């Protein structure tokens, strides 16, 4: 009886041990096979660092092949605080501040940050090659220069409101730059290096991830037409001392915009020097007006083309107002123009005669009414 009890206890313990081993095996299998990529990524994140490499924005090109928005390769300054020699912090700050022409305290603030990678912004952004060479010659650990792309508009104010402009991080802020930002911006690359828990760089090969540049955009705008329009608009602004002027050239067969100008304009390369009204108001599409009497030509021309109106023989009586679908339309002349030929309707710019008389004749001819 006692032996049987002992054997049962041993069997239970063995089952528990086997069960625990099975759990351990399943867990190891889950870690090594199923959850491997996630855990490996987390582990690499503890000892790998990425120096970002900015992609070039896509170019914006006119229909005749002129590049009106391109890129200039520049460099920017980055610190890896854990790799900075703490005994040389003041020396590093003073030397870099002298090169950049900025306050030494601003550089010290960046150097003392606890971040793994510290971008020196705005003091160290978009550096000239001369500044970059001077910083590189210092040879300090933890001080890096990385490639960046600066947006440039080679023709200054040309197409300024249409193109828009970008911010310090090359993000589109207005115009086509904003509307198609997702296509133009591309995706950044990086240089991946490895360091220990204290941030000290390990002697391992760096991994380079190439940036993917943005897509180019081709406009319907024609460069020759655009430059001609801008020249004439600028001349008109000077001649008439105008507060504003704008123009649009369109292909009537396709609706393609061949040119668009709005003044006052601005230089997208230096947009911060201008007011919000100047950089954000494309008057050619922002200011809207009713066509008014200018549209009378369209309705009258349609009736003449369809042969529904005889300018000299057909007449129209203008009583001063008419009710159209519950809305009362009035003539600009109180009491109206009375009986008149359609030629006189045009001469008098009669609202009712041109807009309702010719339209009614056109509908009758089409047997709609």
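Annotations for the structure displayed:
- Residue among 59, 82 that is surrounded by 13 or more Cβ atoms within 10 Å (Cβ to Cβ), more than 20 Å from residue 185 (Cα to Cα) and touching a residue at least 12 places away in the same chain (Cβ under 8 Å): 82
- Meets criteria (assigned by TED's automatic domain parsing to the domain that holds residue 298 and at pLDDT 80 or above) for residue 361: no
- Residue 147 being assigned to a strand (DSSP E or B) and on the phi < 0 side of the Ramachandran plot: yes
- Flag for residue 105 being surrounded by fewer than 17 Cβ atoms within 10 Å (Cβ to Cβ), over 23 Å from residue 170 (Cβ atoms) and either in contact with a helix residue (DSSP H, G or I) (Cβ under 9 Å, 6 or more places away or on another chain) or in contact (Cβ under 8 Å) with a residue 12 or more places away in the chain (or both): yes
- Search result, residues across the range 325-337 that are surrounded by 12 or more Cβ atoms within 10 Å (Cβ to Cβ) and either part of a strand (DSSP E or B) or not assigned by TED's automatic domain parsing to the domain that holds residue 351 (or both): 329, 330
- Residue 124 vs. criteria at pLDDT 85 or above, within 24 Å of the chain's Cα centre (by Cα), over 26 Å from residue 218 (Cβ atoms) and not in a strand (DSSP E or B): yes
- Selection count where residues are more than 14 Å from residue 284 (Cβ to Cβ) and surrounded by 13 or more Cβ atoms within 10 Å (Cβ to Cβ), scope the range 238-249: 0
- Tabulated pairs, the range 164-183, first outside the structural domain of residue 74 (by TED's automatic domain parsing) and on the phi > 0 side of the Ramachandran plot, second part of a loop (DSSP other than H, G, I, E, B) and surrounded by fewer than 18 Cβ atoms within 10 Å (Cβ to Cβ), C-beta under 8 angstrom, 6+ apart or interchain: 164/173
- Selection count, the range 328-346, where residues are within 50 Å of the chain's Cα centre (by Cα) and more than 17 Å from residue 292 (Cβ to Cβ): 1
- Qualifying positions in the range 134-144 - closer than 27 Å to residue 212 by Cβ and either out of contact with any strand residue (DSSP E or B) (no Cβ under 8 Å at 6 or more places or on another chain) or assigned to a helix (DSSP H, G or I) (or both): 136
- Matching residues in the range 277-311 - criterion: being under 42 Å from the mean Cα position of the chain (by Cα), outside any helix (DSSP H, G or I) and in contact (Cβ under 8 Å) with a residue 24 or more places away in the chain: 281, 282, 287
The values are calculated or read from the model by the stated rules, or taken from the named source; none is laboratory data. Since this is a predicted model, take the numbers as computed values, not measurements. FYI the Cβ positions are ideal-geometry reconstructions off the backbone, even for glycines, and counts take in every protein chain you see.
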